[in-house]
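The values are calculated or read from the model by the stated rules, or taken from the named source; none is laboratory data. Predicted model only: the values in this text are computed from it and were never measured. Please note: Cβ atoms are built from the backbone with ideal geometry, for glycine as well, and neighbour counts cover all protein chains shown.
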Amino acid sequence: MTETEPGGTVIGAGVDRVDGLPKVRGQAPYPSDVAYPGLAHATVVQSVIAAGRLSRLGTEAAEAAPGVLAVITHQNMPRLERGPATLIGPAPVTPLQDDRVLHHGQYVAVVVAETPQQAAAAARLVDVGYEPADALLEIGDPRAELRVDPWGSGRRRGDAEAALASAEVTFEAAYSTAANTNNPIGLFTTVAAWDGDTLTLHDSTQWTANVQATVAAIFGLPQDAVHVKAPYLGGAFGAGLRVWPHVILAAVAARTVGRPVRLTLTRPQMFTGIGHRPSTEQTVRLGATRAGDLVAFQHHATIAIGMADENPEPVTLISTSSYACPNLDVRDDERRLNIPPPGPFRAPGAAQGSFAIESAMDELSYRLGIDPLDLRLRNYAEVEPQSGLRWSSNALRECYTAGAERFGWSERDPAVGSMRDGHWLVGYGVAGVSYHWWQVRCEARATIGRDGTAFVRSAANDIGTGTRTVMTQLSAELLGLGLDDVRFDLGDSTMPWSPAAGGSGLTTSLGVAVHAACRALLRRFLDLAARDADSPLAGCAIDDVTVTGGRIHRTGEPAAGKSYTELLTRHHLDELTADGHGAPPDPAQTGVAPAPPFAAKFAEVRIDADLGILRVARVVTAVDAGRILNEKLARGQIVGGTIGGIGQAILEETAFDAGTGRITNATFGDYLVPVNADVHDIDVVFVGAPDPLTPIGTKGVGELGLPGTAAAIANAVHHATGRRIRSLPITIEQLL
Ligand code: MOS
């Protein structure tokens, strides 16, 4: 329909982030930078036990400390509602409502003072007494409540148990994954400012509209009385999807002292206050023919969950559609523990589940004597296996082929322990990823002014992945403008409603809405042109025209036509605006299964034969994410996700002290993440084609880089050493 400047499209090109310069120049307003006249500062006081009751809360000394404006505890905190459930599950528990202690680090008080230092100093003076109870901290603890399939995650086809009983070859193993903590660089901050009964919140969130709806419900306010601004945040990885208790506390603190309040979590508080990837225990049982055809696939997960919290963590979700297998049974159970509430963390559920199933497929390949890549191709899901519907698009086979070629899989000697380079044992491993599909309703608005430039916006968020940039590109393409003539803005709840920047679903959800808004706007311009009988555009429908450099013309006749500016000037208008919305396609209507993004992961590890030192020497990821709007940014997501996967595989573990439930490594010094020395050759190749299900053809990139990484590494470790490590992270002791 439209194109940009002659000479090419702005889509696909490696356009730099449109907000790159303001970010590096310090001009981008992050929540922690927001200031108000008379700003006060809040600090939280946290429980030092994991379970029990508060027996004493003495606040006099803190209240008398210099600069202190208020000390809020459950004794003087207003009783508030719990927030409403959302698309991603129930809201976190509202803080300071009673004397129960459910986890170490739970907020027991909030101190408000003139300066952050005064608040922190006074927080130490709050006198907290405890009546401890036995803390349940181990996922295998039989005393802890087991919730069987609380979210209806169980999916079946055929009869997996019967097929396992009669299978020629069976394989069964248990896998476990450690808790991991999201560690965005930007410390989560909420700035709350009341004006009468209206509240403005500047928040580190991935979902502006959710903060607005949740806070409005908790405080009994109409939605439009809560204005949420989140134009920038310093990373999130899922931590910003829920409305965490500190957000509520900031709003209460501001109302209590009658001044704007800023609450910034410290790095240790980031470990307890904004979720973490929960630990899991999983069992996988596979049945196959001797030739390698899967006949049974069973995947059961138990996931750690907080004591009063809810967090649907879809560990077995991707197992349903990863392979063609007639008999399947998958299920997610939960174990309630005295741990800080978990939450989404990059590829939630899939990060843990893919480790188990892709390790198990590798183990089965050895049992069968089949190359692990061939076993995957032999059980390739040509159609979506649960529904039997054709995929809307699927280039996973090309991912395997292109990835194997790029990696040099054919040079792999299948014998375990056979590849060596000096004192390094070398191993090659592979994993496949069939991610899940996610698109939800979204709204956008587009305006073109008399100067011929466009302003497109939505309440959506950019967590640093590049949403602002790709939506600028998309708008420019759709409106036939150059990138410099389009401004895309987001992160404000007064803008049209958007779902979360999460679940790898925003680019498609929002892109479809932007597409609709831009098309609607173009139609408005054609309606304007149609008022002039002698206009070169009279009688043109939207599919008859192209826009080049802001000039609408009949396709193929670029010399004629009218510019946006000419049309607005002639009709005495300053601007035209149109709204658009997108909604997910309905498989009952389309007759196809909406395709997820797919990937193939190939890893080379090197293990020091004497010392057990493990190096991830190379990871190649081949990706089918449909149409790639900006290859530079998409590549960055896959590289970043792969590095996150290396962290999950060999470094990251949130360690809970067995006695107290305290997180013993809640600092950047103690919680290990990959640094440059841990990250070697990371290669990404994009294959596949635009998905035809939406006009923009995208399938989501954000989370795709992470799942499968740990399995590919563990499989390579086995190939190098013969050691099958079924727990994450893989540590040096396991390799000695
Ligand atoms: Mo995602 S869990 O929103 O990175």
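Given (1) under 14 Å from Asn715 (Cα atoms); (2) surrounded by 19 or more Cβ atoms within 10 Å (Cβ to Cβ); (3) away from the ligand (no atom under 16 Å from the Cβ), identify the lone condition not met by Arg335. Looking at each condition in turn, Arg335 falls short on (1).
The set of residues in segment 364-382 that are touching a Leu at 6+ places or on another chain (Cβ under 6 Å) and either surrounded by fewer than 20 Cβ atoms within 10 Å (Cβ to Cβ) or assigned to a loop (DSSP other than H, G, I, E, B) (or both) contains only Asn379. Can you find even one residue in segment 345-365 that is away from the ligand (no atom under 16 Å from the Cβ), touching a residue at least 40 places away in the same chain (Cβ under 8 Å), in contact with a strand residue (DSSP E or B) (Cβ under 8 Å, 6 or more places away or on another chain) and more than 30 Å from His276 (Cβ to Cβ)? Scanning segment 345-365, I find at least one residue that is away from the ligand (no atom under 16 Å from the Cβ), touching a residue at least 40 places away in the same chain (Cβ under 8 Å), in contact with a strand residue (DSSP E or B) (Cβ under 8 Å, 6 or more places away or on another chain) and more than 30 Å from His276 (Cβ to Cβ), so the answer is yes.
The rows are residues; the columns are (1) within 16 Å of the ligand (Cβ to nearest atom); (2) under 27 Å from the mean Cα position of the chain (by Cα); (3) part of a strand (DSSP E or B).
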residue	(1), (2), (3)
Ala162	no, no, no
Ala174	no, yes, yes
Gly186	yes, yes, no
Leu201	no, yes, yes
Val215	no, yes, no
His227	no, yes, yes
Arg242	yes, yes, no
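Residues in segment 655-688 that are within 27 Å of Arg618 (Cβ to Cβ), surrounded by fewer than 20 Cβ atoms within 10 Å (Cβ to Cβ) and among the small types (Gly, Ala, Ser): Ala677 alone. The condition of being away from the ligand (no atom under 16 Å from the Cβ), under 22 Å from the mean Cα position of the chain (by Cα) and either outside the structural domain of Val24 (by TED's automatic domain parsing) or aromatic (Phe, Trp, Tyr) (or both) holds for Thr190.
Within segment 649-662, the presence of a residue that is more than 27 Å from Ser176 (Cβ to Cβ) and either among the β-branched types (Val, Ile, Thr) or not assigned by TED's automatic domain parsing to the domain that holds Gly432 (or both) is excluded. For segment 398-418, the set of residues classified as in contact with a helix residue (DSSP H, G or I) (Cβ under 7 Å, 6 or more places away or on another chain) and closer than 15 Å to Ala617 by Cβ consists of Trp409 only.
Could you please find all residues in segment 493-505 being within 14 Å of the ligand (Cβ to nearest atom) and in contact with a strand residue (DSSP E or B) (Cβ under 8 Å, 6 or more places away or on another chain)? Break it down stepwise before answering.
Step one: list which residues in segment 493-505 are within 14 Å of the ligand (Cβ to nearest atom), which gives 498-505.
Of everything in segment 493-505, those that are within 14 Å of the ligand (Cβ to nearest atom) and in contact with a strand residue (DSSP E or B) (Cβ under 8 Å, 6 or more places away or on another chain) turn out to be Ser498, Pro499.
Residues of segment 646-691 that are more than 20 Å from Ala351 (Cβ to Cβ) and charged (D, E, K, R): Asp657, Arg662, Asp670, Asp681, Asp683, Asp691.
Just the residues that are buried (at least 24 other Cβ atoms within 10 Å of the Cβ) and away from the ligand (no atom under 16 Å from the Cβ), please, taken from segment 478-492. Passing the criteria: Leu478, Leu479, Gly480, Leu481, Val486, Phe488.
Taken over segment 670-729, the criterion of being within 16 Å of the ligand (Cβ to nearest atom) and assigned to a loop (DSSP other than H, G, I, E, B) is satisfied by Val673, Lys699, Gly700, Val701, Gly702, Glu703, Leu704, Gly705, Leu706, Pro707, Gly708. Restricted to segment 140-155, and to residues there that are part of a loop (DSSP other than H, G, I, E, B) and of a type in the set (D, E, K, R), the residue that is nearest to the chain's Cα centre (by Cα) is Asp149. Filtering Ser47, Ser32 for residues that are touching a Lys or Arg at 6+ places or on another chain (Cβ under 9 Å), crowded, with 16+ Cβ neighbours inside 10 Å, farther than 30 Å from Pro695 by Cα and polar (S, T, N, Q) leaves a single hit, Ser32.
Of everything in segment 308-332 that is over 21 Å from Asn182 (Cβ atoms) and among the β-branched types (Val, Ile, Thr), the residue that is nearest to the ligand (Cβ to nearest atom) is Thr316. Selection of helices (runs of 4 or more DSSP H) fully inside segment 503-605 by the criterion of at least 2 residues being buried (at least 22 other Cβ atoms within 10 Å of the Cβ) returns 506-530, 564-570.
Checked against (1) out of contact with any Leu (no Cβ under 9 Å at 6 or more places or on another chain); (2) within 30 Å of Asn183 (Cα to Cα); (3) touching a residue at least 60 places away in the same chain (Cβ under 8 Å), His300 passes all but a single condition, namely (3).
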